[in-house]
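To start, the structure itself, in structure tokens.
The values are calculated or read from the model by the stated rules, or taken from the named source; none is laboratory data. Just so it is clear, the model here is predicted, and its values are computed rather than measured. We place every Cβ from the backbone using ideal geometry, glycine too, and count neighbours over all the protein chains shown. Ligands, DNA and RNA are stripped out before the accessible areas are found, and what is left, the full protein with its side chains, is counted by its heavy atoms. Shrake-Rupley method; radii C 1.70, N 1.55, O 1.52, S 1.80 Å.
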Amino acid sequence: MRRSVVFALSAAAALLACTPEPASTVEMRQTVVEVVDQGRAMAIENAMVALVGSIDPADSLAHITDQVAAGLATQTPCAVVSRPGAVALRVWFGSKAEPCPYAGIGLSGTMRVVYTRPDGDGLLASIYYEPLRGEATLLDGFSQLTWAPDGSQRLVTEIRVDTATERQVEIQSDRLLSHVDGALKVEGWRRWQTLMGRWEAELAALLVDADEFMPYSGLAEVETPFNHSIVLDFTHEAGGAQVRANGGRRDRLFEVTAEGDVIDVGDG
């Protein structure tokens with residue numbers, strides 16, 4: 001009998017030793033900070049998609065390029081648009097000191113887009129950031145935009161981002177973009193590398209209003225470099241964006257200001 005009790009206690013101790021500790025409050029807050037920086041970068045990407053991707057993909061490449069050039073002249077009259085090729089556009093949004101506003105973002109630097117049909121049928125818009133700055137966030141790299149028969153768009157991105165928090169982040173992402181009741185719906189994944197290590201986020205039905213960088217609805221499951229999975233639930237109250245984080249033990253509520261500051265509200 002004594003041997004059975006000792007065995008049972010040993011097994012219980014081993015099980016407890018293998019149970020991972022939940023994420024700390026500090027780690028949950030850092031995860032929200034990471035998502036804020038990602039949101040700022042995605043807002044710039046989404047703005048570029050709106051500028052160069054609001055077309056009928058069945059049109060001819062020449063007509064698409066003409067249409068986008070005309071739209072750029074109307075929507076961003078402060079930008080300088082040139083045509084380096086028959087199906088390519090280069091847009092200079094101005095200097096950092098005199099940015100060009102669009103979608104609530106002060107843009108500066110250069111973006112280039114090239115339209116092709118690699119398989120002879122489907123449209124591909126290759127968007128290059130050379131680099132492109134939106135406020136205090138700088139993008140350097142490229143995105144590839146394609147269209148599905150239902151009108152949704154797939155955006156695959158590989159970029160380096162200099163964040164507003166003065167960090168350099170390498171990002172890869174694959175997202176499906178569609179529109180629901182005037183909001184942008186985002187699903188897919190996003191992976192990024194920082195000095196802390198590798199982060200991964202699965203995005204589920206995020207809804208983002210125009211001119212915003214934080215979702216007002218949806219979920220993200222973030223795998224942190226510290227071997228924790230943190231689930232983020234996005235909402236929006238009168239005071240701004242709210243994020244409820246769960247790192248394995250209890251919820252923690254954070255508020256995100258319009259300036260991107262993350263405030264720990266306490267247990268949720």
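A count restricted to region 206-229 and to residues that are under 15 Å from the mean Cα position of the chain (by Cα), surrounded by fewer than 22 Cβ atoms within 10 Å (Cβ to Cβ) and part of a strand (DSSP E or B) stands at 5.
Taking region 117-130 as the region of interest, how many residues are open to solvent by less than 50 Å² (accessible area, probe 1.4 Å), assigned to a strand (DSSP E or B) and not aliphatic (A, V, I, L, M)?
Taking region 117-130 first, the residues open to solvent by less than 50 Å² (accessible area, probe 1.4 Å) are 122-127, 129.
After this cut, where a residue has to be assigned to a strand (DSSP E or B) as well, the list is 124-127, 129.
Cutting the leftovers down to not aliphatic (A, V, I, L, M) gives us 126, 129.
The qualifying residues number 2.
All of Q144, Q168 fail the test of being surrounded by fewer than 20 Cβ atoms within 10 Å (Cβ to Cβ), within 16 Å of E45 (Cβ to Cβ) and of a type in the set (S, T, N, Q), apart from Q144. If the condition is being farther than 20 Å from E135 by Cβ and either in a strand (DSSP E or B) or of a type in the set (S, T, N, Q) (or both), then region 63-79 contributes T65, Q67, T74. Within the option set V243, V180, being under 30 Å from S54 (Cα atoms) and not hydroxyl-bearing (S, T, Y) holds for one residue only, V180. Residues of region 80-95 that are surrounded by 13 or more Cβ atoms within 10 Å (Cβ to Cβ), in contact (Cβ under 8 Å) with a residue 24 or more places away in the chain and assigned to a loop (DSSP other than H, G, I, E, B): V87, F93. Looking at the structure I just gave you, is D251 under 18 Å from A23 (Cβ atoms) and surrounded by fewer than 17 Cβ atoms within 10 Å (Cβ to Cβ)? Yes, satisfied.
If I ask for residues that are farther than 18 Å from E34 by Cβ and not in a loop (DSSP other than H, G, I, E, B), which ones from region 230-239 would you list? Across region 230-239, the qualifying residues are T235, H236, E237. Under the condition of being without any contact (Cβ under 8 Å) to a residue 60 or more places away in the chain, in a loop (DSSP other than H, G, I, E, B) and open to solvent by 30 Å² or more (accessible area, probe 1.4 Å), the residues counted in region 29-57 number 2.
Matching residues to (1) more than 24 Å from A205 (Cα to Cα); (2) at pLDDT below 95; (3) aromatic (F, W, Y); (4) in contact with a strand residue (DSSP E or B) (Cβ under 9 Å, 6 or more places away or on another chain):
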{"site": "I64", "(1), (2), (3), (4)": "yes, no, no, yes"}
{"site": "V87", "(1), (2), (3), (4)": "yes, no, no, yes"}
{"site": "I105", "(1), (2), (3), (4)": "no, no, no, yes"}
{"site": "D119", "(1), (2), (3), (4)": "yes, yes, no, no"}
{"site": "S126", "(1), (2), (3), (4)": "yes, no, no, yes"}
{"site": "E166", "(1), (2), (3), (4)": "yes, yes, no, no"}
{"site": "D174", "(1), (2), (3), (4)": "no, no, no, yes"}
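Taking the listed residues A201, A136, the one that is open to solvent by 30 Å² or more (accessible area, probe 1.4 Å) and either out of contact with any helix residue (DSSP H, G or I) (no Cβ under 6 Å at 6 or more places or on another chain) or closer than 21 Å to A241 by Cβ (or both) is A136, with no other qualifying.
The single residue among V113, V156 that is part of a strand (DSSP E or B), touching a residue at least 60 places away in the same chain (Cβ under 8 Å) and open to solvent by less than 70 Å² (accessible area, probe 1.4 Å) turns out to be V113.
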